[in-house]
Structures are given as structure tokens and as C-alpha cells.
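To start, the structure itself, in C-alpha cells.
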Amino acid sequence: MVQRAFEKDDPSYKKLDIVLQQTKRLESMVKEMLDFSRPLSLNRSKEDLNKVVEDSLAVAGKTAEDSKVTVASHLDRDLPLIPIDPMRMEQVVINLVNNAVQSSPAGQTVVVSTSRMNEYAAIEVSDCGCGIPLEQKEEIFTPFFSTKKEGTGLGLPIVKKIIESHHGQLEFFDNLEGGVTFRVLLPISGALS
């Protein structure tokens, strides 16, 4: 409301813009800390994993566009409905895609795919970045560990917590052509509670 009292070329308008951006960043940090510290409750239902991925990509598209990185999807249309909390799983996919986009140079493509792996539905997110140095591989799921200037270090720990609450697994491995792939494995069958 205060910002509306100034013209856009007024220095006070620009200062208030910085204050608003930093406030949003702090709100996001507090939300992440609360998400990490609270017990996780899931609202599971039988869901189409591909739709969850597509909805997530629609949200993450702005980050990719701003970074001049393309996001391509290869979705297995034969996946059965699986018992997941769609909102939590969107949070997982958005986080992994945003990380992949931030790791990839402009002009590159992040690939998001779904497939069936035995009794699991899999989501893979592959980037074109420089990979994860060996000494950091043990640390990436440690709370508050981050290599980003703006990062809180809670994104991947929260992702892991959500996946484990679904009785799933989170893996990552180096790509032959460079970069990293994160793989989420979610049980195809399971209870809704």
C-alpha cells in the first residue's frame, strides 16, 4: 500500500520493492523451516502421477523461462493411479525441477520423466549442470546445507521427508553426459492413510 503512493521511477519505490522481495524471501524461509520441523501429515488419495507432474511443471515454468532453460517431459501414460498426497508431491517435483533449472546453463534442457520400475512409480529429473562434487554428496540431504547464495538448505531435506512419508525412496546419480538425475520411487500399491 505504501509503495502505491510513489511513482515507479521514484527511488523510494525501488527501495520498497527491495523490502517486499526480501520479505517474501524471509516468509519462504520461515515456511520451509516450519515444514521441516513439524510432523508431516499426508492427505493421500489415488492420483495420476503424470497429472501431478504436469501441474508442477506449469508452476516451475516461470523459473525455467527466467533462466532461459527448457523443461521437457517424457511421461509414461500407462502408469496406474497411486496413493499419494498430490499437494506434497507437487512440492517435491517443483523443488527438484527448480534445483535442476538453477543448476543448468542457459540454453540447456532439464528432462522430467515418469516410468514404472517394478512395484514403484518413478519420477526422474535430469539437469545439465556440473554435477555434485564428491565431498558434497554426503551433505546434500543435511538440513541447512546449501551451495546457493539464496538457499536455506531445507529444500532437499523436505523433499526427502515427503518421499519417505510416502514409503518411497530418493536417489541421485551422475549422468554420463554431465549433470545429475534425481529419482523418486513411490510404491504403486499402499494404504491411503
Open item on the list: Just want to confirm a number: the relative contact order over the range 61-123, from Cα pairs under 8 angstrom separated by 6+ residues, in percent.
Closed with: 48
- [ ] Set the Förster radius R0 to 30 Å, insert the Cβ-Cβ distance between LEU134 and LYS15 as r into 1/(1 + (r/R0)^6), and round the FRET efficiency to 0.05.
- [x] 0.10
TODO: In nm, give the distance between the simple-model label positions of ASN175 and ARG77, each being 7 Å from the Cα along the Cα-to-Cβ direction.
DONE: 2.5
Task: Sites ASP66 and ALA5, calculated FRET efficiency, Cβ-Cβ separation with R0 35 Å, nearest 0.05 - done: 0.75
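For SER165 and SER41 in one chain, what is 0.36 nm times their gap in residues minus the Cα-Cα distance, to one decimal in nm?
Details: separation 124, 0.36 × 124 = 44.64 nm, distance 0.84 nm.
Result for the pair: 43.8 nm of gain on full extension.
Any read-out appearing in this document is the output of simple, stated calculations on the displayed coordinates, not a laboratory observation. Quick caveat, the model's predicted, so the values are computed rather than measured. So basically every Cβ, Gly included, is an ideal-geometry build from the backbone, and we count neighbours across all protein chains shown.
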